[in-house]
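Inspection log for the structure reproduced underneath, given as structure tokens.
The values are calculated or read from the model by the stated rules, or taken from the named source; none is laboratory data. Quantities reported herein were computed from a predicted structural model and do not represent experimental measurements. Counting neighbours? That spans all protein chains shown, and the Cβs are built from the backbone with ideal geometry, glycine included. The protein model used for the area step is the full one, side chains on, heavy atoms only, and it has no ligands, DNA or RNA in it. Shrake-Rupley method; radii C 1.70, N 1.55, O 1.52, S 1.80 Å.
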Amino acid sequence: DKAVLEIKRLTANDPATTQSMLRVKVVGGGCSGMSYKLDFEKEGAKDSDKIFEKDGIQVVVDSKSLLFLNGTELDFSDGLNGTGFTFNNPNAKRTCGCGSSFSA
């Protein structure tokens, strides 16, 4: 729910992201081997993408990234330990200290 609110806040404050989908990807890199990438995208989903929707927010994941993200919860933290999106990924075998990269 916090991630949905933050995505709505971001899109409301930036006309370029209005009516955009949030694309979540897994890319190579980071200290644990793979890292998460978030982008707003207006072009829409491809045929092989999976679309998730909650409270009017559409999240798009490509089929390759879905293998690593299946069951993952996207959250948002605004606490004392840091502000930003967090991934609760049951597929991650190891994560780095910053929480932005993992290995599966």
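What the table shows:
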{"read-out": "Apportionment of accessible area to carbon and sulfur, the chain, percent (1.4 Å)", "value": "50 percent"}
{"read-out": "Close Lys-Lys pairs in the chain, where close means Cα under 21 Å and separation is 8 or more or interchain", "value": "27"}
{"read-out": "Cα centroid of the range 50-73 to Cα centroid of the range 1-31, whole Å", "value": "12 Å"}
{"read-out": "Residues of the chain: accessible area per residue with a 1.4 Å probe, Å²", "value": "63 Å²"}
{"read-out": "Estimated 222 nm signal from helices in the chain, with DSSP H stretches of n ≥ 4 weighted -39500 (n - 2.57), rounded to 500", "value": "-5500 deg cm²/dmol"}
{"read-out": "Computed Kirkwood radius, in angstrom, where 1/r is averaged over Cα pairs of the chain", "value": "14.3 Å"}
{"read-out": "Modelled FRET efficiency - R0 25 Å, T18 with N70, Cβ distances, 0.05 increments", "value": "0.25"}
{"read-out": "Positive-end residue, the chain charge dipole about Cα centroid, Cβ charges, pick of G82, A12, S35", "value": "S35"}
{"read-out": "Dipole magnitude (debye, nearest 20) for the chain, charges at Cβ of Lys, Arg, Asp, Glu", "value": "340 debye"}
